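Here, each number is a calculation from the coordinates, and none is a lab measurement. Computed from a prediction, not measured in an experiment: that's the story for all the values here. Cβ placement follows ideal geometry from the backbone for every residue including glycine, while neighbour counts extend to all protein chains displayed.
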Amino acid sequence: MKILKIYLPLLFAGLILYSCGSGALTSKDDRKKLKSYNSYAFLPDNDTIMSRNFDNEHIQEVIIETINANMREQGYVLDKTYPDVLIKVHPMFDEKVAVNANPVYTNYPYYRPGFYIGPYYKDYMYDNYFTIQRIDGPRIKQIPYRQGSIVIDFIDRRTNEILWRGTSDKSIGSRRMDRDIRDYIDDIFKDFP
């Protein structure tokens with residue numbers, strides 16, 4: 001009985017200290033969660049490539065087509081109604097603002113579905129995209145602006161948190177742009193969890 005009186009308070013104190021440990025999810029948890037998901041859809045973006053030197057619609061089509069091929073290869077299926085993962089693409093060809101903010105704002109200044117969205121998203125976008133105004137995440141690596149680059153965010157639809165952000169060190173040139181874009185996105189998916 002005397003031993004119980006000595007060890008019971010120590011056991012209780014140990015349990016309290018153990019419960020005070022970090023309960024925050026780690027990057028490893030997000031990667032594990034991402035692996036457990038099996039459906040996706042896109043969060044559309046406004047036409048971000050404004051320069052007449054680039055064909056915005058064609059570039060966006062190549063990006064979406066290549067991401068779709070990689071997602072199928074990873075075992076994901078397109079689900080526009082209740083996707084597990086939302087994909088937000090940031091093509092940085094002529095914009096002058098870096099994609100490095102946390103949180104990321106989707107900038108849908110309107111609430112009418114299909115308004116100001118490029119036709120290349122039509123068959124692949126999340127039906128309720130306009131309800132997602134702010135995307136957050138505790139471990140988002142900041143990506144400095146680099147002309148001719150693409151950043152892809154993978155977002156948990158239920159929490160609006162970025163689970164993984166991918167980019168590449170490859171460069172996208174203007175002479176073989178389609179091939180460079182495909183190679184660039186394939187390189188991003190080499191690191192996909």
Give Lys35/Lys190; Lys33/Lys80; Lys170/Lys190; Lys80/Lys122 a once-over and call out the pairs whose C-alpha atoms are over 18 Å from each other. Lys33/Lys80
Under a crude label model (7 Å from the Cα following the beta-carbon direction), how far is Ala69 from Asp127 in nanometres? 3.0
Would you calculate the separation in nanometres between label points at Lys35 and Arg176, each defined as 7 Å from the Cα along the Cα-to-beta-carbon direction? 3.4
So, by mean Cβ neighbours within 10 angstrom, what's the order for 71-79, 154-162 with the highest one leading? 154-162, 71-79
